[in-house]
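**Student:** The structure that follows is given in the form of structure tokens.
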């Protein structure tokens, strides 16, 4: 065989190898993209509030549905709802503040985690300030909507929520939205003692982006809904409310009923 023929055959062989390699890379990339899409869908499915809808405590069943979830995971102890949002989830508490970062309310591993109470707070929300944590997720999952309260319109139009614990409902009246640094110990201090409460409350109000005057005092019990902020690396967005014995109406439910 002439040298030119050998060279031509070699080139054809090399091209075939290159084409096969390129095709393999493309197929691997498509497979990875498909898996990534599936994995993302699974992540948001696990964080969707509808996943837990059947367990939401109801006066109609005397709380039986909620107790069914507690039978699956005894560390579930409350249920949080922020009216007019997708925040409608069971609440957990672990021995530390790491467990429920990547564990769902059924006690299974999940990147979406759970809404959980700071491990230094009491489950009956009897502390002056109780801190609830949740991931900031897209598609309004978990605490993904907390950051929207940075707008005055959202803050003004969503005043109430509900928290179920000790087998009954309690109202939440939101009075402040705060943006803080994750490492600010002056903010992230669960169960502030009596002598430090006024200074703590004054600091929160000074940091607040929005404030609503509801006559909050150091005699109240406040709850802080904290999540990562999209606006800064170590930032945290915090929606703060007062826990009350008054159970407020869900205006969104009333609107639907009146249609």
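**Student:** Determine whether residue 107 is surrounded by 15 or more Cβ atoms within 10 Å (Cβ to Cβ) and not in a strand (DSSP E or B). Steps first, answer last, please.
**Tutor:** On the way: surrounded by 15 or more Cβ atoms within 10 Å (Cβ to Cβ): yes; not in a strand (DSSP E or B): yes.
Spelling it out, residue 107 is indeed surrounded by 15 or more Cβ atoms within 10 Å (Cβ to Cβ) and not in a strand (DSSP E or B).
So that you can scan it fast, the table gives a plain yes or no per residue for (1) surrounded by 15 or more Cβ atoms within 10 Å (Cβ to Cβ); (2) within 17 Å of residue 82 (Cα to Cα):
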site	(1), (2)
179	yes, no
189	yes, no
200	yes, no
208	yes, no
215	no, no
225	yes, yes
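**Student:** Still on this structure: Let me confirm something: among 178, 192, 187, which residue is within 26 Å of residue 219 (Cα to Cα), assigned to a strand (DSSP E or B) and in the same structural domain as residue 67 (by TED's automatic domain parsing)? Give the steps one after another, and end with the answer.
**Tutor:** Details: 192 fails: assigned to a strand (DSSP E or B); 187 fails: assigned to a strand (DSSP E or B).
Result of the check over 178, 192, 187: 178.
The values are calculated or read from the model by the stated rules, or taken from the named source; none is laboratory data. Just so you know, these numbers come straight off a predicted model, no measurement behind them. Reconstructed Cβ throughout: ideal geometry from the backbone, glycine too, with neighbour counts over all protein chains shown.
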